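The values are calculated or read from the model by the stated rules, or taken from the named source; none is laboratory data. Everything numeric here is computed off the predicted structure, so don't read it as measured data. Positions of Cβ are generated from backbone atoms using ideal geometry, with glycine treated the same way; all protein chains shown enter the neighbour counts.
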Amino acid sequence: MINLAPVILFTYLKIDPLRKTVQSLSDNFLATDTNLIIFSDGPKNINEVDRINEIRTYLKSIEGFNSVIIHEFSYNLGLSNSIIQNVTEVFKSYPSAIILEDDIITSKNFLSFMNQALNFYQNDSKILSISGYSPSIKGLETNEVYFTQRSSSWGWACWADRWSSIDWGCSQYEDFKYNRKLKKQFNRMGSDMSYMLKKQMQGYLDSWAIRFCFHQFNNNLFSVVPAISKTSNIGFNDINATNTINQFNRFKTILDNSNNEIYNFKSNITLEYKIIKKFRRNNSLFVRFIFKIISFLFES
Amino acid sequence: MYNLSPIALFCFKRLDTLKICIESLKTCPEAIHSELIIFSDAARNEEELLKVNLIRSYINEMDGFKSIKVNCRNHNFGVDYNIINGIKEMSENYESFIVVEDDLIVSSKFLKFMNAALIFYKSFERVLTLSAFNYVKQPKNYNWDIYFAKRTNSWGWATWSNKMKDVDWDLSIKENFLNNTIEMRTFNEWGSDRSRMLKKTLLSEIRAWDIRLDYYQFKKNYLTAYSIKNLVINNGFNNVDASNTTGYNRFKVNLENFDSFNFRFPNLIVLNPTIKFFFIYKNSMINRMITFFLKFLNYRNK
């Protein structure tokens with residue numbers, strides 16, 4: 001049996017989504033052979049101390065994995081800092097890892113898919129990351145994969161060597177900023193990307209993911225995405241709201257419940273325009289506009 | 001406890017502000033664990049000698065810090081070279097340091113902020129100095145505890161020794177700058193007063209030290225990280241006559257503090273256009289004119 005990649009889980013304040021995330025992860029076929037490493041971010045101020053303590057009590061009760069290591073921070077790192085810093089730390093002892101946040105539920109074959117993909121593309125330097133999330137795309141075989149140039153942050157995996165070469169300071173942004181052509185190209189994977197990068201560089205946003213994508217764009221690297229999504233984000237319905245709001249979520253996708261563990265990985269890496277068009281649909285201006293209207297009409 | 005950076009304090013002849021400055025530094029919980037190095041400039045004449053002697057006897061009796069080193073100048077260096085030489089001396093002996101002048105009042109989070117940022121931005125080559133003084137209002141949705149600007153600040157700042165070693169303190173650029181109008185204009189991008197200041201300094205009309213650091217920063221395209229909350233106020237504007245009663249309290253309202261457990265520092269260089277606008281506006285010609293006009297109105301009403 002091949003060595004399984006560890007799962008790194010980031011948590012902060014939300015206990016309910018965290019429970020669901022851990023529950024679905026432990027239902028995975030490979031869970032009992034997987035090492036789980038949890039980073040629990042610390043409180044920002046005095047009001048958050050109780051909620052953080054509740055999270056940490058729960059974390060200690062987690063079972064169903066090969067091992068569970070919990071790292072607790074006494075102060076608040078912020079998600080972006082936490083991911084950059086702690087993933088780097090984990091990569092000192094593992095060649096690859098699977099990263100989850102506390103609001104991502106996974107299908108039972110999520111770990112199977114990620115580990116197989118990590119193994120298959122291990123030596124292919126054109127692949128930067130493996131994505132667990134996929135928007136619903138029709139016309140693909142259920143066990144197929146496709147390639148994009150936009151990494152997803154909802155359940156993903158990466159290798160230590162790729163991770164270490166990322167420029168988190170975005171030093172190429174100065175040239176990018178005034179170059180329309182580059183901006184347009186960057187937006188090819190979703191019309192929100194240049195805007196997000198701009199907000200990031202102006203300090204209005206703190207996202208590691210957009211910097212990850214910018215690195216991917218600058219170096220022309222690809223992500224492997226499954227035809228049927230292995231993860232689903234449950235973070236959109238906040239604290240009190242239940243699943244109802246989710247029906248108006250444009251990122252809603254069909255979670256793989258086929259239990260299939262055999263995938264057809266492709267070794268020639270190309271971007272297929274037809275698929276990319278469907279892939280970026282959720283981030284297109286039109287869909288964003290429609291969903292704004294729907295949520296305005298039905299949620300208020 | 002991690003290593004705290006030492007504090008360099010520059011003083012000359014004003015005992016009243018120095019006392020307030022020291023008291024405010026002591027309100028920081030980190031003070032008792034920090035080294036304090038005082039650079040006391042010497043007197044120029046008999047009258048100043050008395051004042052300087054008072055300062056030096058006050059310094060010798062002081063406590064409240066991990067250690068206090070006093071560096072008494074034996075002749076008058078002037079405000080510029082007292083500080084410039086002080087920075088050089090600090091650079092030789094310490095890895096990083098915090099600089100305070102005797103007319104400042106700092107908030108109780110001052111040392112915490114400085115030490116945290118000194119550790120965080122140590123390896124950022126482009127971050128030349130840190131500033132705890134800030135007059136820009138935090139824009140909505142800007143959630144960081146610092147912002148970056150391309151201008152140094154001399155009221156409550158900190159830096160790293162290795163970043164100071166190449167600074168051209170002696171202004172060897174004199175001829176080049178005075179004949180280069182384009183450079184003068186671009187130097188004014190982060191404040192319309194800068195070229196004039198540098199020009200005056202080059203012609204020895206004024207004795208400013210910070211403009212030299214500013215010019216170095218400009219040439220290298222380096223940045224200063226400013227605290228989003230103002231942790232420093234200047235107490236030096238009220239002269240000898242207008243002493244205690246107005247002094248401390250009037251400016252106290254401007255001191256702010258952080259209430260979170262730790263600081264949110266961006267781990268990349270972000271430049272916010274809104275902040276830049278207000279940053280420059282404060283020193284702009286229009287704003288100076290408005291201030292002047294308001295003062296004039298105020299004066300007439302009296």
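Things to note:
- The C-beta contact set for segment B:257-277 (first residue under 19 Å from B:LEU111 (Cα atoms), second residue β-branched (Val, Ile, Thr) and surrounded by 15 or more Cβ atoms within 10 Å (Cβ to Cβ), distance under 6 angstrom, 6+ apart or interchain) comprises B:PHE265/B:ILE146.
- Residue tally, condition within 26 Å of A:LYS92 (Cβ to Cβ) and out of contact with any His (no Cβ under 8 Å at 6 or more places or on another chain), over segment A:27-51: 10
- Any chance A:ARG188 is within 19 Å of A:GLN85 (Cα to Cα), surrounded by fewer than 20 Cβ atoms within 10 Å (Cβ to Cβ), in contact (Cβ under 8 Å) with a residue 24 or more places away in the chain and not aromatic (Phe, Trp, Tyr): no
- Every residue from segment A:112-129 that is farther than 16 Å from A:SER152 by Cα, out of contact with any Phe, Trp or Tyr (no Cβ under 7 Å at 6 or more places or on another chain) and either touching a residue at least 40 places away in the same chain (Cβ under 8 Å) or of a type in the set (Ser, Thr, Tyr) (or both): A:ASN115, A:ASN119, A:TYR121, A:ASP124, A:SER125
The rows are residues; the columns are (1) at pLDDT 95 or above; (2) crowded, with 18+ Cβ neighbours inside 10 Å; (3) of a type in the set (Ser, Thr, Tyr).
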| residue | (1), (2), (3) |
| --- | --- |
| A:SER67 | no, no, yes |
| A:SER74 | no, no, yes |
| A:SER80 | no, yes, yes |
| A:ILE84 | no, yes, no |
| A:ASP103 | no, yes, no |
| A:GLY132 | no, yes, no |
| A:SER136 | no, no, yes |
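- Meets criteria (within 22 Å of the chain's Cα centre (by Cα) and in contact (Cβ under 8 Å) with a residue 24 or more places away in the chain) for A:GLY64: no
- Screening A:PHE212 on (1) under 27 Å from A:ILE105 (Cβ atoms); (2) surrounded by fewer than 17 Cβ atoms within 10 Å (Cβ to Cβ) shows it passes everything except condition (2).
- Whichever residue in segment A:153-176 is touching a Leu at 6+ places or on another chain (Cβ under 9 Å), part of a loop (DSSP other than H, G, I, E, B) and away from chain B (no Cβ under 14 Å) and, among such residues, is surrounded by the most Cβ atoms within 10 Å (Cβ to Cβ): A:GLY155
- For B:TYR147, the requirement of being within 14 Å of chain A (Cβ to nearest Cβ), under 22 Å from B:ALA8 (Cβ atoms), of a type outside the set (Val, Ile, Thr) and surrounded by 19 or more Cβ atoms within 10 Å (Cβ to Cβ) is not met.
- Looking across segment A:145-172, the residues that are modelled with pLDDT of 90 or more and either within 17 Å of A:SER107 (Cβ to Cβ) or of a type in the set (Asp, Glu) (or both) come down to A:VAL145, A:TRP154, A:GLY155, A:TRP156, A:ALA157, A:ASP161, A:ASP167.
- If the condition is being in contact with an Asp or Glu (Cβ under 7 Å, 6 or more places away or on another chain) and away from chain B (no Cβ under 13 Å), then segment A:36-91 contributes A:SER40, A:ARG56, A:ASN66.
- When we screen A:ASP50, A:ASP27, A:ASP33 for residues that are over 18 Å from A:SER129 (Cα atoms), out of contact with any strand residue (DSSP E or B) (no Cβ under 9 Å at 6 or more places or on another chain) and touching a residue at least 24 places away in the same chain (Cβ under 8 Å), the only hit is A:ASP33.
- In this entry, B:GLU35 passes the filter for residues that are surrounded by 15 or more Cβ atoms within 10 Å (Cβ to Cβ) and either hydrophobic (A, V, I, L, M, F, W, C) or under 30 Å from B:PHE258 (Cα atoms) (or both).
- Of all residues in segment B:186-205, those that are at positive phi have Cβ atoms under 6 Å from Cβ atoms of residues that are outside any helix (DSSP H, G or I), 6 or more apart or on another chain, in B:GLY191/B:ARG151; B:GLY191/B:ASN283.
- Test: B:ASN262 is assigned to a loop (DSSP other than H, G, I, E, B), at pLDDT 75 or above, closer than 26 Å to A:GLN200 by Cβ and within 14 Å of chain A (Cβ to nearest Cβ): yes
- Any hit, segment A:237-247, residues being over 17 Å from the mean Cα position of the chain (by Cα) and at pLDDT 90 or above: no
- Of the residues screened, B:GLU48 is not one that is surrounded by 15 or more Cβ atoms within 10 Å (Cβ to Cβ), touching a strand residue (DSSP E or B) at 6+ places or on another chain (Cβ under 8 Å), at negative phi and not hydroxyl-bearing (Ser, Thr, Tyr).
- Applying the set (1) in a loop (DSSP other than H, G, I, E, B); (2) touching a Phe, Trp or Tyr at 6+ places or on another chain (Cβ under 9 Å); (3) among the hydroxyl-bearing types (Ser, Thr, Tyr) to B:TYR81 leaves exactly one unmet item: (1).
- Test: B:ASN272 is modelled with pLDDT of 85 or more and closer than 20 Å to B:ALA149 by Cα: yes
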